[in-house]
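What follows is a single structure, written as structure tokens, with notes after it.
The values are calculated or read from the model by the stated rules, or taken from the named source; none is laboratory data. Since we're looking at a predicted model, the values are computed, not measured. In this analysis, Cβ positions are derived from the backbone assuming ideal geometry, glycine residues included, and neighbour counts consider all displayed protein chains. The area values use the complete protein model at the heavy-atom level, side chains included, leaving out ligands, DNA and RNA. Shrake-Rupley method; radii C 1.70, N 1.55, O 1.52, S 1.80 Å.
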Amino acid sequence: MSRYDAIVIGSGAGGGVAAYVLAQAGKKVLLLEQGKWLTFEDEPRDHLRNHRLSRYGHNTGPDLDGHPRVFVENGQERTVQPHQGGYNAIAAAVGSGTLVYGGQAWRFHPLDFKMASTYGVPAGSSLVDWPIEYEDLAPFYHRAEWEIGVAGGDPAPQMPARPTYPMHAVPLTEKGRLLHAGAEKMGWKTQPVPLLINTAFRDGRRACVACQHCVGFQCPSNAKNGTQNTVIPKALATGNLTLLTEATALKIESQDGVATGVTYFHEGAEKTATCEVVVVAASAVESARLLMLSDLGGGSGHLGRNLQGHYYAGAWGVMSDPVWDGVGPGVSISTLEFSHGNEGVIGGGMLADDFVMLPLSYAKGYRPPEVPQWGLAHKHWMRDTYRRFIQVTGPVHEIPNPEARVTLDPNVTDMFGRPVARLSGVAHAETVRTTRFLTQRAAEWLRAAGSEQVWHRDHGQFLSGGQHQAGTCRMGDDPKSSVVDRDGRLHGTPNVFVADGSVHPTNGGFNPVLTIMAMSFRTTEGIVNMW
Amino acid sequence: MVFDEAELSTLRALIDRIIPEDDFPSASATGVIGFLLGVVAFEERTDQYRLGLAGLNREARLAGGGSFSELPIADQDSLLSRVEQGEVSAEWETEPAAFFRLAAEQAIEGYYADPGNGVNPGGIAWEMIGFRVTA
């Protein structure tokens, strides 16, 4: 039986950082990744099979066969595969989502950590403050910004001062210039969107080549900074890290309330490795499921509950002249005017322009109500408006609902015979209200930028998880109402830690990846310091 | 072949009304038939398509044609508008509006997808709308 100091489960934003911190501290680390180590050459850039639009498959794992989930919607349940709606897939690959993300590198707002004390707790929600504050996380944000690599500008006026980023921001696009002028008219402050993307040669890798694909795809110049090309290679270089790919953690073994190792499937066989510390970073759905399968972390009744992600507010417009410059990544300007302090709603969120729109996404998802789904009218709409299209969108700080949850399905099993994740419940109604509020602000921004025609979709209540999934192992000081403590340690189990979005009590009004990285730096530095 | 010649000719006529020819090609001229055969098989929707295509032909016969593909284009369009709203006169063995929406969705997927999907030769659909890949 192999013996390690620590076993880290999952190699994404949280797990990659955890493996790095532990290996650098001299610990012998085993990193288990369910997916493969993919390269750009493996990437067919399939517009129908990627993490932006997964109509018939994905460009990463998990494989379509053998990894189902059960999705419950309006009282109806169905078995879903990784590319289908309701599955809420996270990329299985070395780097996980950080291999294919857009890499928006936001710090959460200080009030994002204090939602309950700022706004009160609405009925039916499990809204709480984080047990830690922005200031506790600030040094780890800084570490993530420099060690993974962020490009951006000065902080928004709504944010505390911070050290500069290592790289300058991506250039303002043509759409960004118009939105900047529109924001000036409204009296709104704007700033570049910080991105985990090289805008200069750094760390032995090239700068962004401004391609049109970016989010959902691998990077053609390896300029996108994920864990797969930053901290994981550095961890491997220490000689202390063993990375196993296509290795699925099946169960955390424990005895008398203490974890003793991990049983995993690799190269056709079940194996068990022992360790002193387990770090779970398999994503909010799978981390909760693995803990349930291991009979750990269930004491509070909160394990698997409060599943959240991000509703997206947003509006769409058509300008009178073409505004498409095709300069990727395409997201270049943002405002934090509506992150907090919004009359009549709870919380808020950041608003920004978006990544370069792919033709197929536009054809499928952005028709105004008067344009038919077919015929010459649809074709002419595509032809006449694609280059004039403009949008503003952003992630809404969700109000957690304990009934939105992950449980083990009683009937359906995966390729290893284990119960699969069953996802049920919907986002809290207050999340919908805040989304509608922010959508109106997005529409105002577009009109101020010169768009005469503005439209948007409406949002009902649905289960939110997706690529920003969080909340299922919420962090808190009280073991009766949380799953991990402020150190990321499972209440009641001294040597199991969770280091992914699962621990977020609330998920911020921003893309959460920099927070996941910063939290993992904090949690695993804490492990090293206590060891 | 999943569909016989008659079914293929109905399918071709259908998708060429979903994306008709103008100064850029129609759906069938850019490989969308082959694309549909692949995705219909992948999603195991062969029966739904077969029944939908048969429904279109029955509808066309009631409208005075031999088959859907033989109707004048204007009549094809008005027939499809009715089917889209679920306002059908003939017997259908699959839900007509759902079939039409699916076929429209999948034809459009094929037309605007990347050339790696065996469609959009030379990126002609992207040229039409002004999408360019630089890197």
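Table for the structure above
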| quantity | calculated |
| --- | --- |
| Residue list for the stretch A:474-526, filter: farther than 24 Å from residue A:89 by Cα, touching a Phe, Trp or Tyr at 6+ places or on another chain (Cβ under 8 Å) and part of a helix (DSSP H, G or I) | A:521, A:522, A:523, A:524, A:525 |
| Matching option when the condition is polar (S, T, N, Q), more than 9 Å from chain A (Cβ to nearest Cβ) and closer than 27 Å to residue A:47 by Cα, among B:30, B:94 | B:30 |
| Which numbered condition residue A:357 misses (of (1) more than 14 Å from every other protein chain (Cβ to nearest Cβ); (2) of a type in the set (A, V, I, L, M, F, W, C); (3) assigned to a loop (DSSP other than H, G, I, E, B)) | (1) |
| Helices (runs of 4 or more DSSP H) contained in the stretch B:36-135 and holding at least 3 residues touching a residue at least 60 places away in the same chain (Cβ under 8 Å) | B:73-84, B:96-112, B:124-129 |
| Verdict on residue A:52 being closer than 26 Å to residue A:193 by Cα and within 14 Å of another protein chain (Cβ to nearest Cβ) | yes |
| Residues of the stretch A:417-446 satisfying the condition of being assigned to a loop (DSSP other than H, G, I, E, B) and in contact with a Ser or Thr (Cβ under 7 Å, 6 or more places away or on another chain) | A:427, A:428 |
| Any chance residue B:64 is within 14 Å of chain A (Cβ to nearest Cβ), over 15 Å from residue B:15 (Cβ atoms) and surrounded by fewer than 22 Cβ atoms within 10 Å (Cβ to Cβ) | no |
| Qualifying residues in the stretch A:450-468 (those that are touching a Phe, Trp or Tyr at 6+ places or on another chain (Cβ under 8 Å) and either part of a helix (DSSP H, G or I) or open to solvent by 60 Å² or more (accessible area, probe 1.4 Å) (or both)) - the one nearest to residue A:7 (Cα to Cα) | A:467 |
| Some residue of the stretch A:71-80 being modelled with pLDDT of 95 or more and buried (at least 24 other Cβ atoms within 10 Å of the Cβ) | no |
| Conditions (1) buried (at least 24 other Cβ atoms within 10 Å of the Cβ); (2) more than 21 Å from the chain's Cα centre (by Cα); (3) closer than 28 Å to residue A:163 by Cβ: number failed by residue A:98 | (2) |
| Pair list, Cβ under 6 Å, 6 or more apart: the stretch A:369-384 residue more than 7 Å from chain B (Cβ to nearest Cβ), other residue assigned to a helix (DSSP H, G or I) | A:371/A:381; A:372/A:378 |
| Tally of residues being more than 7 Å from every other protein chain (Cβ to nearest Cβ) and over 14 Å from residue A:379 (Cα atoms) across the stretch B:102-119 | 6 |
| Residue that is least open to solvent (accessible area, probe 1.4 Å) [pool: residues in the stretch A:176-221 that are basic (Lys, Arg) and either in a loop (DSSP other than H, G, I, E, B) or touching a residue at least 40 places away in the same chain (Cβ under 8 Å) (or both)] | A:202 |
| Residues being assigned to a loop (DSSP other than H, G, I, E, B) and not hydrophobic (A, V, I, L, M, F, W, C) - total across the stretch A:1-55 | 23 |
| Top-ranked residue in the stretch A:120-163 [being among the aliphatic types (A, V, I, L, M) and free of Cβ contacts under 8 Å to residues at least 40 places away in the same chain; ranked as surrounded by the most Cβ atoms within 10 Å (Cβ to Cβ)] | A:138 |
| Which numbered condition residue A:417 fails, given (1) touching a residue at least 24 places away in the same chain (Cβ under 8 Å); (2) more than 14 Å from every other protein chain (Cβ to nearest Cβ); (3) small (Gly, Ala, Ser) | (1) |
| Top-ranked residue in the stretch B:5-28 [being in a helix (DSSP H, G or I) and either among the β-branched types (Val, Ile, Thr) or free of Cβ contacts under 8 Å to residues at least 12 places away in the same chain (or both); ranked as most open to solvent (accessible area, probe 1.4 Å)] | B:5 |
| Residues (among the acidic types (Asp, Glu) and over 25 Å from the mean Cα position of the chain (by Cα)) located in the stretch A:1-47 | A:5 |
| Residue within the stretch A:470-484 that is within 26 Å of residue A:336 (Cα to Cα) and within 12 Å of the chain's Cα centre (by Cα) present | yes |
| Residue in the stretch A:469-484 that is over 22 Å from residue A:125 (Cα atoms) and buried (at least 21 other Cβ atoms within 10 Å of the Cβ) present | no |
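Yes/no per residue for (1) under 30 Å from residue A:57 (Cβ atoms); (2) at pLDDT 95 or above:
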site: A:3; (1), (2): no, yes
site: A:27; (1), (2): no, yes
site: A:32; (1), (2): yes, yes
site: A:44; (1), (2): yes, no
